[in-house]
1. Could you check segment A:22-49 and list, in sequence order, the residues that are within 9 Å of chain B (Cβ to nearest Cβ) and either more than 31 Å from the chain's Cα centre (by Cα) or within 17 Å of B:Ala111 (Cα to Cα) (or both)?
2. Would you check which residues across segment B:14-45 are within 11 Å of A:Val129 (Cβ to Cβ) and facing chain A (nearest Cβ under 9 Å) and list them?
3. So for segment A:205-223 (the condition being facing chain B (nearest Cβ under 9 Å), surrounded by fewer than 23 Cβ atoms within 10 Å (Cβ to Cβ) and either touching a strand residue (DSSP E or B) at 6+ places or on another chain (Cβ under 9 Å) or in contact (Cβ under 8 Å) with a residue 40 or more places away in the chain (or both)), does at least one residue qualify?
4. Quick test of your reading of the structure: A:Lys78 fulfils all but one of (1) without any contact (Cβ under 8 Å) to a residue 12 or more places away in the chain; (2) of a type outside the set (Ser, Thr, Tyr); (3) assigned to a loop (DSSP other than H, G, I, E, B). Name the failing condition by number.
5. Filter segment A:148-172 down to the residues that are hydrophobic (A, V, I, L, M, F, W, C), under 14 Å from the mean Cα position of the chain (by Cα) and crowded, with 22+ Cβ neighbours inside 10 Å and list them by number.
6. In the set B:Leu119, B:Leu65, which member is surrounded by 16 or more Cβ atoms within 10 Å (Cβ to Cβ) and more than 7 Å from chain A (Cβ to nearest Cβ)?
7. Considering only segment A:257-285, state which residues are surrounded by fewer than 18 Cβ atoms within 10 Å (Cβ to Cβ) and within 7 Å of chain B (Cβ to nearest Cβ).
8. Tell me the residue from B:Phe69, B:Phe106 that is touching a residue at least 24 places away in the same chain (Cβ under 8 Å) and farther than 20 Å from B:Ile264 by Cβ, please.
Amino acid sequence: MANKRSKLNRGQALTGYLFLMPVFGFYALFFLIPLLFSLYLSFTEWGGFDLSLIKWVGLDNYRELFREGSPFLNPIIKNTFVFAFGTVLLSFFIALAVSYMITRLKYEGFWRTLYFLPTVTTIVAIGNVWLYLYNPTNGVINEVLRKLGLQTVRFLDDPSTALASIIVVGGWLGIGSSVLILSAGLKAIPEDYNEAAMLEGAGLWALYSKITLPLLKPSILFVLITSFIGGLQSFTLSLVMTKNGGPGNSTNVGGLEMYNQAFNYGNWGTASAMAFVLFVIIFAVTLLQLAVFRRGGVESY
Amino acid sequence: MKPRRFPWFSYTVIVLGGFLMVFPFLDMLASSFKGPADYNRMHYAFLPEQFLLDNYGTAFEKLKLGLLFRNSIIKSVATTVLVLLTSSLAGYALTKLRFRGRQLTFRFILATMMFPGFLFLIPNFYIMVHFPLVGGNDLFGEGGDGGMAQYRLALILPFAVSAFGIFLMRQFILTINDAYIEAARIDGASELRIFFQLILPMTVPALATLAIFEFIGSWNEFIWSLLMYTVNTELATLPVGIQQLKSHLDASMTQPLVNAAMVISTVPILLVFIFLQKYYIRGLTNTGLKE
C-alpha cells in the first residue's frame, strides 16, 4: 500500500513537472537568460551586432547616466514621473466621478462600454487620431479655441505644452479601466449602509465621504497603484506621437529613451543600463506602494 | 430609500463625458472618407465635403492590408491558444498535483510580474535574431539572416506564457473540488486524461475570460512586432503597418488613407470587445482585488 502511494506521488510529481515544462522553458529562455544578458550588457559598450566587439566598461554607463547635468535624470526621469503622476491624477478623478454617476444611471453597461473603448484600441490608432485632433491648422481643438476667440496652441510642437498634451491622451486612455474597477468596488458596498445613513438624515455629501469613500478605499488604492506603475513603464504613446520624445527632450520618458538608444542609436550598453535604472526605480516604487496597499487593508497576491 | 428622482446632473455629465470619449473615434471615421484636399483644408470640418470610399480601396492595396490582417490574425490566435494551453496546464499543476518546489514555482511566476516588459526588449531581440540553428543560424546563432525573425513564430514565442494567465487559471482551478480528481484517479484515468477530459471542460469560463484578454492584447501589441518588422518586413502586423505607412510617406497626403486603415483595423477588435465584454470585464475586476 505504502509502495503504491509513493508510486502515485511520483507519478503526480512527474506529471506536474511535465505540465510545467513549457513554463520552465519559457522563463529560462525569455526571462532568466535575457535578464542576465542585459545586466551584463549594462556594463559594456556594444553596437548590438557582433558579440566579439563587446567592450567591458565597468560602471561607466551608470556613471554617465548619473553624472551632473545628465539629460537622463533631468528631464527624462523627471518627465517619466510627471507623466505617471499626471495621467493617474487625470484618469483617477474623472473615473471616480464617472463610476459614482454611472452606477446610479440606467444602461450602466452602455456607458461603461463608451468609456472603455480607448482601452481596447491599439495605441497606434489612439496616438494618430490625437495627433490630428491637436493639429494647429486643421485640428478640431484649435478650431474650437479659435471659435472662442483664443489663440492657436501648437500643442505638440511647443516644448511648454507638449508633455501636458500627451498626458491628456494618457489620462483619457486610462479612464476606462479605472471606471471598471471603481464601479465594481462601488457595487460591492451594501445598499443598507446608505439607507441606514439616509434614515438618520445624512446628506449626499456625508454619505459619499463617510460611507462610500472609506469602503471604496481598497479599490481606490488598487487603481492608483497599478496605474501609477503602468504610467512609469509606458512609452508607446510618446513613441507614436513624438517618435523621439521631442521637441528637444520635452516629452521624452525613460522607456522611450532606452528604446531609441538601443534600436535607433545602437548604444546597447547605455540602453541596458537605462533599463536597469528604470527597473530599480519602478521596483522601489512598487514595494513602497505595496506597503501602503497592505496598510490600506487590501490583501495583495 | 435609494434616491429615485431622475439624476439630471449625472446624465448631463456622463453624456458629455461619453461624447469626449467617443469623439476621437468619430473623427477618425469621418476623416477616413475625406480626400487629401478636403483633409488638408486650413480649417477643421467634421464632415467630409463629399464621402469618398476610395481610401478604403487604396488602403487595401498600398498597405498590403491582406498581409497585415493575416499576420495579425495568426499572431493573435496562436498567442491566445498557446497562453490558454500553458496557463491551464500550469494552473492545474500548481494546484492539484503534488511535487517538490510547487510553492516556489508559483512564487517565482508571481515575481516575474514585477519585471516590466521593456527590460526584455533588448536581450529578447538579440536572442530572436540569433536563435541557434534557426533561419540559417549555426549552433552559436551566427551566420543566418534574421534567425527566428524569418518566421511568424518570432511574433508569438515571447508571449506564449503569461504570468497573469497562470495566476488567473490557478485561482479558478483552486475552486474545483479535489473529489472529482480523486474519483477519476481511482477509476484509473491517466493524469493527461484527467486534465483534458475532466479539468479543461470545467475551466471554460476562466478560459473564455483569458482568451478575450489575450486576443485583444495581442491584436493591439505594437513594440515587439515593430522590432521584428525591422528585421523582416514580411512580419508587419496591423499596428506596425499603419505606423510605417504614416512615417514613410508624406503625412498630409496619406492621412485619410491611414485613417481608413485604422478604422479597418480597430473595428474588428471593438466588435470583439463589445460582444464579449462580459468575459473581459470579469477578468479585469475579479483578479486584481481579493474581497
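The values are calculated or read from the model by the stated rules, or taken from the named source; none is laboratory data. All figures in this text were calculated on a predicted structure; none of them were measured in a lab. Neighbour counts run over all protein chains shown; Cβ positions are idealised from the backbone, glycine included.
1. A:Val23, A:Phe24, A:Gly25, A:Phe26, A:Tyr27, A:Leu29, A:Phe30, A:Phe31, A:Ile33, A:Pro34, A:Leu35, A:Leu36, listed by residue number.
2. Selection gives B:Phe23, B:Pro24, B:Phe25, B:Asp27, B:Met28, B:Ser31.
3. Yes, some residue in segment A:205-223 is facing chain B (nearest Cβ under 9 Å), surrounded by fewer than 23 Cβ atoms within 10 Å (Cβ to Cβ) and either touching a strand residue (DSSP E or B) at 6+ places or on another chain (Cβ under 9 Å) or in contact (Cβ under 8 Å) with a residue 40 or more places away in the chain (or both).
4. Looking at each condition in turn, A:Lys78 falls short on (3).
5. A:Ile166, A:Ile167, A:Val169
6. B:Leu65
7. The one that is surrounded by fewer than 18 Cβ atoms within 10 Å (Cβ to Cβ) and within 7 Å of chain B (Cβ to nearest Cβ): A:Phe283.
8. B:Phe106
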